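Written out below as C-alpha cells is the structure these notes cover.
Any read-out appearing in this document is the output of simple, stated calculations on the displayed coordinates, not a laboratory observation. Since the model is a prediction, treat every value here as computed from it, not as a measurement. Please note: Cβ atoms are built from the backbone with ideal geometry, for glycine as well, and neighbour counts cover all protein chains shown.
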Ligand code: NA
Ligand code: NA
Ligand code: NA
C-alpha cells in the first residue's frame, strides 16, 4: 500500500498548482497556433512543447539537473543560440534587392520608430498599479517592434531575462500575425492610386558587390556601434559564407542542420521560461498589448516614410513597401505583394519589398545595439 | 639515452595492466560483433571503440581533461544524450499501426513483465558471494528487459552509473540477438495452428489522429507518471515534429544529423565506462545472464498475453505478435514476420507486429518511470 | 547630450588601439586570401572573421561572457574540436593507395624531418634579442612542418596556447602555399629523367584490408606511443566508420555536418587568438619564417628519401612523390601530379602520391605524439 | 536466507505488483484515449487543406521568396507581351 | 504623475531621439557605402573566373582526388590503347 | 653562445634523433603489419556478402519496416488475385 501511496504522491494529479494547469493550456494554445494555424511553427512548436514540459510538477525539467535547465544555461544564458540562429539567417538572406536599391535602407530605419515609441507605452503602463517596468524591461519589450525573433531573444536575455518567455512568445506570435495586423494600416495610410504605383525592375547585382556588402555592414557597425557587433557580426559571417562561394559546405550547414538543431533547442529553452510564476502576471498582458502597438507603429512609420520617398522621387516608390521595413522576413514582403495585387493585379511588389524587408533586419539589430549601449 | 627511457616508460607496453588488455579484447569483440555480425552496429561500433580508447594506459581518455571524460560529463551525466536519441527515435517512429489497433498496447504492457521479474533474479544473485546488488542496481539491470537502448542508458545513468557500461552492452547485444533468443520461445508457446492465424488488414489512420496521439500520450504521462516525462516527453516531441507536417526541417534534422551526432558521442561515452575495474567483475556476468532472462521472460509474457487476446477475440490475433511487445524496434517485428512466414508462407505479420513493437517502447518508458519514482 | 556622449564613448572610433586596427587588417587579409586567392578557405575564412571580431573594442567577444570566449573554452581548451575534425578527416580519407604500396609510409616518415629540424631554428632564434622560445614553444612551432591543421592546433593548444593563433595561421597559409613552395624544391632535387619515371599501377585493395588497417594503426599507436592516441584514435575511428560499411549514417554525418559545424567554430576560436597583444610580436614573424623552413625541409627530405627508394628499387619510384609526404592532403599530391605532368604529359602520379600523402598525416600525428610525450 | 535479501525480495515483489498494475492501467487508459481520439476524429471531417497553404509552411526562414519573385516576374513579363 | 515615471519618460524621450537619429545616420551612411561599392565594382570589371579554379574550391578536406585519379587513370589507359 | 640556448640545442638534437628514429621505426613496423594483413586477407577468401544482409544494415532506428510492409502487403494482395 505504501508503494502505491508513494506512487500517488509522485503523480502530477496530486501536485498540480492551478498556475501550472493554465500554463499547460498556454503551451497547448501555442501548439495549436503552430500546427493548425501555421503561426511560425518552427519556433512556436518547440516553445509550446517546452512550456508544457517546464510546468510538469515534480518532473524538474527547468531545475538544476533537468534537461531544459541545461539547454537554457548553455544556449540562452550565454547568448550563443540566438547568435547562431542569426548566423544561419544571414546565410539564408539574399541582399541583392537591397544592394540594387540601397535607398530602401531608409524604410528599414523608419520602421524602427515602432521600437522606440513603444518605450513610452511600457513606461506609461507603470502608472497602472501592478506594473513596474524598469528602463531595461521597457527596452526589452520594445524590441518586439523589431519583428525579429533572435534579436528579441538576444536583447531580452541581456536586459530582462525574467520577461524572456513573454517577449519571445509575443515576438513570434505577432510575426505570424503580420498578414492580419499590417493590411488595415497599409490601406488606411495610402490612396488607391499610390497602391497602384509600379516600380522599375531592379538591376542585376554582381557577385562582388554581394561579397563586399556584409563586410561593409560589419565595418560600419564596428566603427559606430560595437554593442551591435555580436548580432550584426554573426549575421554578416553567415551572409559572407553564403556569398563568397568558397565555403559552400559551411554555408549549407549553417543554413540547414546547424540552424535546425539550434532552433529546436532555442525553442525548448524559451518555452522553459513560460512557467506560471513568470508568465501569469499582469506584465505579460502588458507585453502582449505593447507588442501589437509596436508592430502597428512600425508599419505606419514605414509606410509614411515610403510616402515621403514617393513624393521626393516623383512617384516612383509604391508606399506599400514601407510596411516591409519592420522585417518579419519574408512574411511582411508577401503581405506587401498581396495588398499591392489587390490594388492592381499586374503589380508584383515582392522583389521590391525584399529590400526594405532585409533592411529591417539590419535596422532592428542596430536598434538593439543602441539599447544595449545606452540601457544595458 | 634518458629520452629513450622516458619514451619507453611512456609506451603502453611498459604500463599495461592485464585488466586493460582484457578490456581491449572486449572492445575488439564488440567491434567484431558490430562489423562482421552486424549486431546493432550504430551503437556497438562506437561503444567498442570507446572501450579500446578508455583502456589505453597513460592516454587518459576518461580522466579529467580527456576527450571521453568531457563527452560523458556533458552527455550522460546530465542525461541529455539518451533523451536526444529518444527525440530522434520518436521522429522516426510511425504509430499508425498502433492507432489502427490500440489493443496492441496490452501486448506492450505484458512484455514489461520481463523487467519486473528480473528484479527477483538480480536480488537472488546476492545469495552468491561476490554479488551485492542494491534495489537501484537491480532496477537498472532489470530495465535491460525493456529492450530499448536509450531507456536503459538513461535509467542506468540515474540509478547505477557504475554499472552503465555493462548494462548498455547487454541491452544492445541482446537487442541484436533477438532473432536468436525469441524464435524458440515463440514456437514453444504456440501451436502451429495459432502461428498460421491471418489477421485483418489494418484501417488507414488519419493525419489528425497521428498528430493528437503523441500529445495524448504526453498528457497521460504528465497526469499519472511525471517521473517518466523526460523519456516520454522527448519521444513525443520527436513524434509530434514528425507528424504535424509544419516543421519538416526540424523533424528531418532530428531523424538524421542530430541523432547521428549524438549516437557517435553516446557510444563513445558508454564505451568509456568499460574500464577494467568497472567491467571485469562478477557483476558483469550476472548482468549478462539476467539480461538474457529478462528478454526471454518478456517475450514469453508477450506471447502468452497475445494467446489470451486470441481466445477472447475468437481467434483473430496471431499470438506470435506478442513477442514484438518487448520493443527492440524493428528487429522484433521482423522476427515475428519471419516465424509467421515459416508457418504459413502467405501470412505477412510485419505490419501487425509494428503495433506491439512501438507499444513496447512506450511500455518500457513507463516502466522506467515507475522504477525512477519508486526506487530512484 | 549626455546620451550622445555615452554613445560616442561606446563607439569603436573613440576606443581603437593601433594594434587592434592592424589586427583587423590581418583579419581582412586572411579573408582576402580565403575568398579571392582560395587559400584553404574553409578554415581561413572563419579564422579571419574571428580575428576581426575579437579585435573590436568594447565588444568583448573573447572576454568571459563573449561568444568567442565560450567557443574557445569549450572546443580548444579541451582539445575537443581538433579531435572531432580529425575524426571527420579520417572518415574522408581513403587509405587504399597506401595499403596497396605500404612502403610509401617511409616517405611519410622522412618528411617529418622538417618538424624536428625546425626545432633547431626555433631555438637558434633565441639568440636574437626579443625571442624567447622554450622547448615547448619550439615544439609547437615545429609541428607546422607536419602540414596538418588539426594536428598543429591540437599540439599548440597543449604546449603553447599563447602561440596558437600564429601557429594555426602559419599552418593553414603554408598548406595553401604548397603549390608555390614545393615545385622549385622538387625540381632542384630531381633530374628530368627521374621526374619522368612511370610507376606501376596499384593493385586493388580489398574491403577487409581497409577495415583492418585503421585498427592495426590504432593498435601500434597504443602499444608504442599512447600520447599520440587522441589524434590517431579519433582519426582511426573516423576511418573505421568509413570503411566498415555498417554505420553509413554515422560516417556521412562525420564527413559532412559534424565536421562542418566544428570547422566553423574551430576557425572562429582560432581567430579569437589573433589579438594584437598575442599576434603583433616579433615571435609571429619568427613563426612564419620557421613554418616556411619546416615545409621546405620536409619537402626536401621526402624527395631525397624517394630518390633513395628509387635507387634501391631499381628505378621504379618517381622521386617527386616524396614531396607528398608532408601531408597537406590533397594539395601536395596534386602538386606532385602537376610537376610530373610537366616532365611527361602521359605520367599521372596523383594516385601514387596519395600513398605518401596520407602516410604524412600519420607521420605528423606520430611526431606530435613524440613531442607530447617528451616535451609536454 | 540473508534477512537483507529477504527484505529486498519483498521490495521486488511489491515493485512487480505495483509496476505491472500501473503499466497495464496506464496503457489500458491509453487504449481508451486512442479509441476516443479515433471516434472524435471520425466524426469531425478533416478540413481539406488548401493547396496554397502548403507553400507557406517551410519559409519563415528562407530565400524562397526570391524563387517566388523570379516566377512572379517571369509571369508578369509574359503577360505584358 | 509619479516622479519616477516622469524621469523614465524623459529617458525614453532621449532614447527615442538618439535612437532614431543613430538608426537613420547609420543606415544613411550605409546607403552611401553601398553606392560607393557599386560604383567601384562597376568600374573594375569582374575578373573572369577560370573554370578549372572552381574545382579547387571544395576539396581541402575530401576524397575527391580518388575520383580525379580514377578518371585520370581511365584517360591514361584510353590514350595508351 | 648563451648556455641556455646551448642546452636547448642539445635537447633539440636529442629530440631530432629520438623523434626520427621512432617515426621511422613506427612506420616501418606499420609496413610490416600492412604486408601481414594483405597476406592474411589474400589467403582467407573474402566471404560473399549475401545480398539480403545488406538490407539489414541501416535500420535499427528507422521506419523502413513500413516500406517493407507496404511492399509485402502489395505482393500479398497480388498473389491472392
Ligand atoms: Na526589424
Ligand atoms: Na520495451
Ligand atoms: Na604531415
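Label the stretch C:159-234 by shape, choosing from rounded, prolate and oblate, from the square roots a ≥ b ≥ c of the eigenvalues of the Cα gyration tensor; if a/c is under 1.5 it is rounded, and otherwise prolate applies when a/b is larger than b/c, oblate when it is not. It comes out oblate by the Cα gyration axes. Ordering E:28, C:313 by the number of other Cβ atoms within 10 Å of each residue's own Cβ, fewest first, gives C:313, E:28.
Across bins of 20 angstrom width beginning at 0, how are the C-alpha pair distances of the protein assembly as shown distributed, in whole percent? Pair shares across the bins are 10, 34, 36, 19, 1, 0. Size descriptor for the stretch B:68-140, Kirkwood hydrodynamic radius: 15.8 Å (Cα pairs only, one decimal). Mean partner shielding of peptide A:37-50, defined as the number of other chain Cβ atoms within 10 Å of each residue Cβ, is 5. Taking the three principal axes of the alpha carbon atoms in the stretch E:1-44, the coordinate ranges are 62, 7, 7 Å, sorted in descending order. What is chain C's relative contact order, in percent, from Cα pairs under 8 angstrom and six or more apart in sequence? Computed over chain C, the figure is 30 percent. Across A:85, A:321, A:71, mean-square fluctuation computed from a Gaussian network of chain A (C-alpha pairs under 10 Å connected) peaks at A:71. Overall shape: prolate for the stretch B:142-191, with the ratio a/c of the largest to smallest alpha carbon gyration tensor axis at 1.5 or above and a/b above b/c. If one computes the Cα centroid of the stretch B:114-184 and of the stretch A:68-99, what distance in Å separates the two points? About 42 Å separates the Cα centre of the stretch B:114-184 from the one of the stretch A:68-99.
Shortest first, residue B:161 label-point distances to identical copies amount to 2.4, 2.4 nm, with the label point at 7 Å from Cα along Cα→Cβ. With chain B treated as a Gaussian network of Cα nodes joined by springs under 10 Å, which of B:29, B:106, B:84 yields the largest mean-square fluctuation? Maximum fluctuation in the GNM of chain B, among the listed residues, is at B:29.
A Förster radius of 30 Å combined with the Cβ-Cβ distance from residue B:277 to residue D:4 puts the calculated FRET efficiency at roughly 0.75. Of the three principal axes defined by the Cα atoms of the stretch A:117-207, the extents in descending order read 50, 38, 20 Å. Packing order of peptides B:20-27, A:184-191, highest average first: B:20-27, A:184-191 (average count of other Cβ atoms within 10 Å over each peptide's residues).
Highest GNM mean-square fluctuation among C:153, C:261, C:52, for chain C modelled with Cα contacts below 10 Å: C:261.
Of C:362, F:14, the sequence from fewest to most neighbouring Cβ atoms within 10 angstrom is F:14, C:362.
By definition, a body whose alpha carbon gyration tensor gives a ≥ b ≥ c is oblate when a/c is 1.5 or more and a/b is not larger than b/c, and the stretch A:99-255 fits this oblate description. Rounded to the nearest 500, the 222 nm mean residue ellipticity of chain B from helices alone is -22500 deg cm²/dmol, with -39,500 (n - 2.57) taken per DSSP H run of at least 4 residues. FRET efficiency for residue B:15 and residue F:21, Cβ-Cβ distance as r, R0 = 22 Å, nearest 0.05? The computed FRET efficiency comes out at 0.60.
The P(r) of the stretch A:79-375 has a tail past 36 Å containing 14 percent of all C-alpha pairs. Put simply, the convex hull of the Cα atoms in the stretch B:326-366 casts, on average, a shadow of 2.4 nm². Inverting the pair-averaged 1/r between distinct Cα atoms of the stretch A:233-376 gives 18.1 Å as its Kirkwood hydrodynamic radius. Cα extents for the stretch A:266-327 along the principal axes, largest to smallest and rounded to whole angstrom: 55, 25, 11.
Can you list, shortest first and in nm, the gaps between the label point of residue B:19 and those of its counterparts in the other copies, using a point 7 Å from Cα in the C-beta direction? Ordered by distance, the counterparts are at 5.0, 5.0 nm.
An ellipsoid equivalent to the stretch A:299-376, defined through the eigenvalues of its Cα gyration tensor, has semi-axes of 26, 14, 8 Å when rounded to whole angstrom and sorted largest first. In terms of Cα atoms, the Rg and Dmax of the stretch B:1-115 work out to 21.1, 76 Å.
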